[in-house]
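For reference, the structure discussed in these notes is given below.
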Amino acid sequence: MSKTILITGGSRGIGRETARLCGERGWSVAINYVSNENAAAETVALVEAAGGKAVALAGDVAQEKDVIAMFSQTVTAFGPITGVVNNAGIVGEKSSVADFSVERMRKIFDTNTLGAYLVAREAARLMPLSKGGQGGSIVNMSSRAAALGSAHEYVDYAGSKGAVDTLTTGLSNELAGDGVRVNAVRPGLIETEIHASGGQPGRAERVGALTPMKRAGTATEVAEAVVWLLSDASSYVTGTFLDVSGGR
Ligand code: NAP
């Protein structure tokens, strides 16, 4: 069955691979990005080459008007939304809590927590059967950091994902009887550009070697889990957390 999926932060990393796998299933994908227009255009081409339809939508998930606009632009492009991947996220530089600036913490929580809640709110306004939607699946991108705490690296990031876990539990209970499933994926150490953006380009390889599987994961390995949760194959799964973390 064809689906219309909105992926926030779909231009690179885990979001890009999720978009590509959605394309392989012939689904239509709206790829949100914040600034990297070229990466978003490349992802559109990957989805189309895989057999799906795609459009790139600029917008900051921390800005209410941008989030409202990306949902309405998705509907205009492809019709009613049946899946949302609440994926956009950032980390800060490696640091201890005692050294955090308020600006840094605001940016992390604005993007990862407020952004995720704004996206979830719009999904909750459009997707439920009782609101005229078609039902579907919301997948929140959390992190194993939510449980591990990320001491001396980024406890703010870890906390911002803890709030995403709570969102997953609460919203899944609100929408379970209204045709919408809500789950979270919690990746461990995954090879993407997010580590370099936090000033630690070799982090996934270095820390990944310390996991039980002795390696970092790939964006594709996370995307496979996301696409399963988006698909009808997971039709009785809601309010749950899927760790994709090599056992750590
Ligand atoms: P990434 O490669 O750095 O990609 C980040 C994506 O988010 C990009 O598409 C970026 O858009 C977008 N983005 C950033 N800020 C945004 C904003 N304010 N509004 C809209 N889009 C925004 O990151 P990734 O590793 O794929 O991470 C994706 C998600 O997985 C994040 O939530 C992250 O916390 C989570 N995660 C990652 C790992 C890991 O090890 N990689 C582990 C656990 C959880 P532009 O291209 O325009 O910059």
Can you tell me which residues in the range 29-43 are farther than 13 Å from residue 73 by Cα and either outside any loop (DSSP other than H, G, I, E, B) or not hydroxyl-bearing (Ser, Thr, Tyr) (or both)?
33, 34, 36, 37, 38, 39, 40, 41, 42, 43
List, please: which pairs have Cβ atoms under 7 Å, are six or more places apart or on different chains, and start with a residue in the range 113-124 that is under 19 Å from residue 91 (Cβ atoms) and end with one that is buried (at least 20 other Cβ atoms within 10 Å of the Cβ) and of a type outside the set (A, V, I, L, M, F, W, C)?
113/160; 116/86; 116/140; 119/8; 119/86
Conditions: (1) of a type outside the set (A, V, I, L, M); (2) part of a loop (DSSP other than H, G, I, E, B); (3) more than 10 Å from the ligand (Cβ to nearest atom); (4) touching a helix residue (DSSP H, G or I) at 6+ places or on another chain (Cβ under 8 Å). Residue 143 meets all but one. Number of the miss?
(3)
Test: residue 185 is surrounded by fewer than 21 Cβ atoms within 10 Å (Cβ to Cβ) and within 11 Å of the ligand (Cβ to nearest atom):
no
Taking the range 132-168 only, how many residues are open to solvent by less than 30 Å² (accessible area, probe 1.4 Å), out of contact with any Gly (no Cβ under 7 Å at 6 or more places or on another chain) and at positive phi?
2
Restricting to the range 1-26, count the residues that are within 15 Å of residue 53 (Cα to Cα) and not in a loop (DSSP other than H, G, I, E, B).
13
Take the residues in the range 82-110 that are within 13 Å of the ligand (Cβ to nearest atom) and within 23 Å of residue 201 (Cβ to Cβ), then tell me which one is surrounded by the fewest Cβ atoms within 10 Å (Cβ to Cβ).
107
Tell me which residues, restricted to the range 49-72, are more than 10 Å from the ligand (Cβ to nearest atom) and either outside any helix (DSSP H, G or I) or touching a helix residue (DSSP H, G or I) at 6+ places or on another chain (Cβ under 7 Å) (or both).
50, 51, 52, 53, 54, 55, 64, 68, 71
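Given the condition over 19 Å from residue 63 (Cα atoms), touching a residue at least 60 places away in the same chain (Cβ under 8 Å) and in a helix (DSSP H, G or I), answer yes or no: does some residue in the range 78-95 qualify?
Checking the range 78-95: at least one residue is over 19 Å from residue 63 (Cα atoms), touching a residue at least 60 places away in the same chain (Cβ under 8 Å) and in a helix (DSSP H, G or I).
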Residue match in the range 196-218 (condition: aliphatic (A, V, I, L, M), closer than 22 Å to residue 115 by Cα and touching a residue at least 12 places away in the same chain (Cβ under 8 Å))
no
Read through the list (1) more than 26 Å from residue 110 (Cα to Cα); (2) touching a strand residue (DSSP E or B) at 6+ places or on another chain (Cβ under 7 Å); (3) without any contact (Cβ under 8 Å) to a residue 60 or more places away in the chain, then give the number of the only condition that residue 33 fails.
(1)
Which residues, taken from the range 1-10, are open to solvent by 10 Å² or more (accessible area, probe 1.4 Å) and either farther than 17 Å from residue 134 by Cβ or under 10 Å from the mean Cα position of the chain (by Cα) (or both)?
9
What single numbered condition from (1) open to solvent by less than 70 Å² (accessible area, probe 1.4 Å); (2) more than 16 Å from the ligand (Cβ to nearest atom); (3) in a loop (DSSP other than H, G, I, E, B); (4) not charged (D, E, K, R) fails to hold for residue 75?
(3)
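Within the group 175, 210, 171, 129, which residue is among the aliphatic types (A, V, I, L, M), away from the ligand (no atom under 13 Å from the Cβ), farther than 13 Å from residue 245 by Cα and surrounded by fewer than 21 Cβ atoms within 10 Å (Cβ to Cβ)?
Criteria check complete, one pass: 129.
The values are calculated or read from the model by the stated rules, or taken from the named source; none is laboratory data. Keep in mind it's a predicted model, so treat the numbers as computed, not measured. Note that we place each Cβ from the backbone using ideal geometry, even for glycine, and neighbour counts take in every protein chain shown. These area figures cover heavy atoms from the full protein model, side chains too; ligands, DNA and RNA do not enter into them. Shrake-Rupley method; radii C 1.70, N 1.55, O 1.52, S 1.80 Å.
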